[in-house]
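Engineer: Below is one structure. I have some questions about it.
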Amino acid sequence: MSAALHLSPHPASPRIELSVSVLVSAEPRELVLHYRVRGDTAAVRWPEPQGGGMADGLWRHTCFEAFIGQPGQGAYREFNFSPSGQWADYAFSRTRVRDALRGPPNAPLIERRETAESVELVAVLDRRQLPPGPWQLGLSTVIEDQRGQVSHWALHHPRPLPDFHDPAGWTLRLPAD
């Protein structure tokens, strides 16, 4: 299953001349998320390369996110992928109620690519780390501009203020394999 999706900025976010899309590919052993930012990418404050490693607070700056749960279930996972190479993996038993991960997290493969017209981030997750399908996905991006202002991008914004944890914004459904 592959689907290219466009994220939109939250109406309360500062305006920046960009387009953000995600290509989702559910492979037998992995879930591949290919984020692409086009437009005035020089206006974005990109985190400096840090190598890999888990880190908290990545969502405060430019990063790419995925929320993965099962339709009708309260539990879900949140993944943050920084262009710095750092990442975060959180488990929740219900909306915003953090739970302990079952076993140590496997580091996702993260690759940042820059071209003349875009900045891309490819994140590869091991499917064994994810809940069994079918999946309900919330795909989002936080963009920090050069002035330090943050805009919030997602497939759907169901609330007056940005809230990526709201399952009503997780509009991508992927069937069980």
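The values are calculated or read from the model by the stated rules, or taken from the named source; none is laboratory data. Nothing here was measured: the structure is a model prediction, and the numbers come from that model. As a convention, Cβ positions derive from the backbone with ideal geometry for all residues, glycine included, and neighbour counts pool all protein chains shown. Heavy atoms of the whole protein, side chains included, go into the accessibility calculation; ligands, DNA and RNA do not. Shrake-Rupley method; radii C 1.70, N 1.55, O 1.52, S 1.80 Å.
Engineer: Mind checking which residues of region 68-86 are buried (at least 21 other Cβ atoms within 10 Å of the Cβ) and under 20 Å from E144 (Cβ atoms)?
Structural biologist: Result: E78, F79, N80, F81, S82, P83, S84, Q86.
Engineer: The conditions are (1) in contact (Cβ under 8 Å) with a residue 24 or more places away in the chain; (2) part of a strand (DSSP E or B); (3) open to solvent by 20 Å² or more (accessible area, probe 1.4 Å); (4) touching a His at 6+ places or on another chain (Cβ under 8 Å), and S19 fails exactly one of them. Which is it?
Structural biologist: Here S19 clears every test but (1).
Engineer: Then there is this: In the list D40, D99, D56, which residue meets the criterion of being open to solvent by 50 Å² or more (accessible area, probe 1.4 Å), touching a residue at least 12 places away in the same chain (Cβ under 8 Å), in contact with a strand residue (DSSP E or B) (Cβ under 8 Å, 6 or more places away or on another chain) and farther than 21 Å from I143 by Cα?
Structural biologist: Matching residue, one of D40, D99, D56: D99.
Engineer: A further question on this structure: I'd like the full set of residues that are free of Cβ contacts under 8 Å to residues at least 60 places away in the same chain and hydrophobic (A, V, I, L, M, F, W, C), limited to region 151-177.
Structural biologist: A168, A176
Engineer: For residues in region 110-126 being out of contact with any strand residue (DSSP E or B) (no Cβ under 6 Å at 6 or more places or on another chain) and not acidic (D, E), which is modelled with the highest pLDDT?
Structural biologist: Top of the filtered list is T115.
Engineer: Moving on. Condition check: open to solvent by 20 Å² or more (accessible area, probe 1.4 Å), assigned to a loop (DSSP other than H, G, I, E, B), touching a residue at least 40 places away in the same chain (Cβ under 8 Å) and more than 14 Å from S13 (Cα to Cα). Does G148 satisfy that?
Structural biologist: no
Engineer: While we're here: Looking only at region 104-121, decide whether some residue is open to solvent by 10 Å² or more (accessible area, probe 1.4 Å), touching a Lys or Arg at 6+ places or on another chain (Cβ under 7 Å), in a loop (DSSP other than H, G, I, E, B) and not β-branched (V, I, T).
Structural biologist: Yes.
Engineer: In region 87-96, which residue that is part of a strand (DSSP E or B) and charged (D, E, K, R) is least open to solvent (accessible area, probe 1.4 Å)?
Structural biologist: D89
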